[in-house]
Amino acid sequence: MSEEKITLESLALKKPLDKMTTKELRELCINKMPLIAGVSGMDKAAIIANVKEFLGIVEEEGSVSPYKDQIITIKGQIKTMREDKVKIEARKDRSLLRRKINKLKKRTRAMARAV
């Protein structure tokens, strides 16, 4: 039986590890990385950490979005807008507020991707 070195490329993943569900990660570990023990009892973060350690991937400390503070303030605005939307009775005004919320959500997603 020949031992092959498992690499991230050899796994041929369809999406990044952090975008995979816990179920998908568990199946990946059970089927392709049997040396990682106890995945059925781990949460998603622990599984990802173990897979990265197994593959030799070093996590960079500065991987947090530089726009984190802005994203948090925008999400706070979205939360208050949602609370206000429930109180508004006019359909047109609710629709306008909904569109503003969606624009802000798109902006936060764009900021998060710009790492």
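Data overview
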| quantity | calculated |
| --- | --- |
| Single match in L13, L25, L35 (criterion: surrounded by 15 or more Cβ atoms within 10 Å (Cβ to Cβ) and not basic (K, R)) | L25 |
| Every pair of residues 6+ apart whose Cβ atoms lie under 9 Å, when the first sits in segment 25-53 and is touching a residue at least 40 places away in the same chain (Cβ under 8 Å) and over 17 Å from K14 (Cα atoms) while the second is hydroxyl-bearing (S, T, Y) and assigned to a helix (DSSP H, G or I) | none |
| Qualifying helices (runs of 4 or more DSSP H) (wholly inside segment 1-90; at least 1 residues being modelled with pLDDT of 85 or more and of a type in the set (A, V, I, L, M)) | 22-32, 44-55, 68-87 |
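The values are calculated or read from the model by the stated rules, or taken from the named source; none is laboratory data. Since the structure is predicted, the reported quantities are computational estimates derived from the model, not experimental observations. Every residue, glycine as well, gets a Cβ built from its backbone with ideal geometry; the counts of neighbours run over all protein chains shown.
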